[in-house]
Amino acid sequence: MKKLLPLFSLALVLLQSCTSQYSEWEKPLPEGEIVPGVELVPDPIERANRMSFYVDDKLMNYLVEPASDGYRYVVPKGARTGIDNFFENILFPRNFLNNLFQADWDGLGRTTDRFILNTTVGILGFRDVAADHYNIKAAKQDTGQSFAKWGWENNFYLYIPILGPSSDRDLVGRVGDYFMNPLIYNDNTKILNYFLIFNKATFFTDAYRSLVETNYDPYDLRRLIYTVTRRYSADPLSFQGEDTSATQTLRAVYLQPREKDFENWKVEGELLVKSTGETIKYNFWLQDKPAPLMYVIPGLGSHRSSGQPMFLAEMAYLKGYNVVTFSNLMNFEPILKSKDAIFPGYTPNDIKNIKKFMGAIDADLEKNHSGQFGDRSVMGISLGAYYLLNLAASETEEDALKFKKYIAIDAPVDLMYGLKQLDNSYNSPLSLETEEERERFVLGTLTKVAAILANSEKITHNQAMPFTDQEAKYLIGLSFRMTLRDMLFISAYQEEIMANNESTPKEGIYKALGQYSWEEYYKMFVMPKLKETGLTEEQIAKDVSLRSVSKALKENDKIRVFTNQNDFLNEEGSIAWMKSTFGDRLTVFPDGGHLGNLIQDKVRSEIIESLED
């Protein structure tokens, strides 16, 4: 081992010396206080790690996922859950010893109690009776966590194909975990061990594919998740929550199709983008016989296969519509594939691009599925609803797309006001006095999210979210801040990205771009280009507010609008404006924040009712 260390060090130096294709960010950075970010595990070998991630993704795509799909088709979820419970029970020595190493006596007791109960009453651990009947939660620990407790900090990040995210500390920890696994000491049980590992992986392949498909840089996101989940914290987490507009908004994370196979029913269409020579995809679902067509426009930054549009698509499809979803203009797909889509945010330009794209989709569908489609309708959510209402207001224009129905859900009335609210949400930690308090708040909030993702704290859609108002605001703002970072990066480096492989380091530029707010994005990137065309700030501000098209919206009786009284993206007076504009075509729900009440059966039913002829 000692002989190999110099070679390993040399490899690190060589990999660190690999320069990024992208030059340093040269535009002036914003001034003022900045919300502290989480110090990610250092990634000095980012290029090599990204190459490993690429290899891992191909292995997942061509080997693990097909095998998982076949296995899940044969073995029902209940049986797979029982097998996984059995595996977790077998790993008792690892959990017991690492709780002991960390002097976690509560965890040690729970681990022992769980093993006794699950091995006996739970029939060798196939049933988790300890959790289901006695509320004894798992105290999973591993050697890497013990090393963390003893003071070993992660020195550098490692991405290993099949094994996934790791580090110098946790890679050594995996060795310790390996020898604490009773199944590795016999050739026959080793085969069982590999089977049990594969069985566990089948629970995560869909989530992995969704993460890769719907995020611009899944490598960076996995590194963030890994950092937070593996960061040792001596402070116990509080899962107490508050009922506010922000925490209600967080419930929108549950917006997913209710039919588990719905995503598998979709077909991907492709369009050629002449300006770049790239192809851009859209999703569609076809009925067995000719039917009306519903277009779904997603919210800010949403991908065509993410939860929001899929949730709406399922409702329309089950109501008898053919359905189309495509990515929002502020998602990475259109920005990356089309030069026309860079620096989106000015409504007239965005509407032109949406018309162009929807027209191309319509022509492509008619070409390949002639006679399948009846009347066209459109449904939008959040920013997609805002765009939809602008489409409805432009019906009298020469190049208008005309629809039988326009169904708008939680549309912001003023785009600039809504974006500033996202900035305010992200900046909520700045109300804390010291930098140390802010850092602790950010890490604690993300650690809570990681704990929920890891199922150490299970919640269901009908429970209150276990976050405070301040935590919820920060999480909402953070999500959209990452969307903005990706938009800026792609818009500035689009040609280099298309010409280069995905192993290029990006971390340095990401840190710079993460400092921009939505307000600064408008001021420093969108406004200058618009002013070059002769537009004034007053005209631009007018063009990004629905109030400027009040008359056209009032006269269009095909519009149906749903909104919430406490939607934080709308300023005071917005509800009154909506009532005067849409009259009885408007439904106002008393709460739900922004999108957070769509999971409720009552709200869902009212939207479904609006789909009826």
Neighbours by Cβ (under 7 Å, 6+ apart or cross-chain): first from the range 421-445, touching a residue at least 24 places away in the same chain (Cβ under 8 Å); second outside any helix (DSSP H, G or I) and of a type in the set (K, R): L443/R231
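With the range 80-168 as the region, which helices (runs of 4 or more DSSP H) entirely inside it contain at least 3 residues that are of a type in the set (S, T, N, Q)?
Details: elements: 92-101, 105-120, 129-134, 143-149.
The qualifying helices (runs of 4 or more DSSP H) are 92-101, 105-120, 143-149.
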Where S238 falls short, out of the listed (1) within 19 Å of I162 (Cβ to Cβ); (2) out of contact with any Asp or Glu (no Cβ under 9 Å at 6 or more places or on another chain): (1)
Residues (buried (at least 22 other Cβ atoms within 10 Å of the Cβ) and of a type in the set (D, E)) located in the range 565-594: D567
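Can you work out which of the residues in the range 273-324 that are small (G, A, S) and in a loop (DSSP other than H, G, I, E, B) is nearest to T483 (Cα to Cα)? Please lay out each step first, then the result.
Of the range 273-324, the ones small (G, A, S) are 275, 277, 291, 299, 301-302, 305-307, 313, 316, 320.
Subset that is in a loop (DSSP other than H, G, I, E, B): 275, 277, 299, 301-302, 305-306, 320.
Details: S275: 24, G277: 25, G299: 12, G301: 6, S302: 9, S305: 16, S306: 14, G320: 33 Å.
So the residue we want is G301.
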Filter result for V64 (surrounded by 14 or more Cβ atoms within 10 Å (Cβ to Cβ), at pLDDT below 95 and part of a loop (DSSP other than H, G, I, E, B)): no
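Inspect all residues belonging to the range 83-91 and state whether any of them is over 33 Å from the mean Cα position of the chain (by Cα), assigned by TED's automatic domain parsing to the domain that holds A139 and either under 23 Å from V172 (Cβ atoms) or modelled with pLDDT under 90 (or both).
Kept after step one, since they are over 33 Å from the mean Cα position of the chain (by Cα), are these residues of the range 83-91: 90.
Next, from what is left, pick out any that are assigned by TED's automatic domain parsing to the domain that holds A139: 90.
Adding the requirement that they be either under 23 Å from V172 (Cβ atoms) or modelled with pLDDT under 90 (or both) leaves 90.
Looking for residues that are over 33 Å from the mean Cα position of the chain (by Cα), assigned by TED's automatic domain parsing to the domain that holds A139 and either under 23 Å from V172 (Cβ atoms) or modelled with pLDDT under 90 (or both), one finds at least one in the range 83-91, hence yes.
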Some residue of the range 565-584 being without any contact (Cβ under 8 Å) to a residue 60 or more places away in the chain, over 26 Å from the mean Cα position of the chain (by Cα) and closer than 26 Å to K352 by Cβ: yes
In the range 114-149, the residues that are basic (K, R) and in contact (Cβ under 8 Å) with a residue 40 or more places away in the chain: R127, K137, K140, K149
Hey, N155 at pLDDT below 90 and loosely packed, with under 13 Cβ neighbours inside 10 Å or not: no
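Does S456 satisfy the criteria of being modelled with pLDDT under 95, of a type outside the set (D, E, K, R) and within 30 Å of V38 (Cα to Cα)?
Details: modelled with pLDDT under 95: yes; of a type outside the set (D, E, K, R): yes; within 30 Å of V38 (Cα to Cα): yes.
Yes, satisfied.
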Odd one out for F403, checked against (1) assigned to a helix (DSSP H, G or I); (2) in contact with a strand residue (DSSP E or B) (Cβ under 6 Å, 6 or more places away or on another chain); (3) of a type in the set (F, W, Y): (1)
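Yes or no, residue by residue, for (1) surrounded by 14 or more Cβ atoms within 10 Å (Cβ to Cβ); (2) part of a loop (DSSP other than H, G, I, E, B); (3) β-branched (V, I, T):
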{"position": "Y516", "(1), (2), (3)": "yes, yes, no"}
{"position": "Y521", "(1), (2), (3)": "yes, no, no"}
{"position": "F525", "(1), (2), (3)": "yes, no, no"}
{"position": "V549", "(1), (2), (3)": "yes, no, yes"}
{"position": "L553", "(1), (2), (3)": "yes, no, no"}
{"position": "D557", "(1), (2), (3)": "no, yes, no"}
{"position": "T563", "(1), (2), (3)": "yes, no, yes"}
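Kindly indicate whether I361 is in contact with a Ser or Thr (Cβ under 9 Å, 6 or more places away or on another chain), part of a helix (DSSP H, G or I) and over 29 Å from N597 (Cα atoms).
Details: in contact with a Ser or Thr (Cβ under 9 Å, 6 or more places away or on another chain): no; part of a helix (DSSP H, G or I): yes; over 29 Å from N597 (Cα atoms): yes.
So I361 does not fit the description; no.
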Enumeration of residues in the range 571-613 that are assigned to a loop (DSSP other than H, G, I, E, B), among the hydrophobic types (A, V, I, L, M, F, W, C) and over 17 Å from S377 (Cβ atoms): L595, L598, I599
Any hit, the range 387-394, residues being assigned to a helix (DSSP H, G or I), free of Cβ contacts under 8 Å to residues at least 12 places away in the same chain and farther than 17 Å from M578 by Cβ: no
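The values are calculated or read from the model by the stated rules, or taken from the named source; none is laboratory data. Quick caveat: nothing in here was measured; it's all calculated off a predicted structure. Quick reminder, even Gly has a Cβ in these numbers, built from the backbone with ideal geometry, and neighbours come from all protein chains shown.
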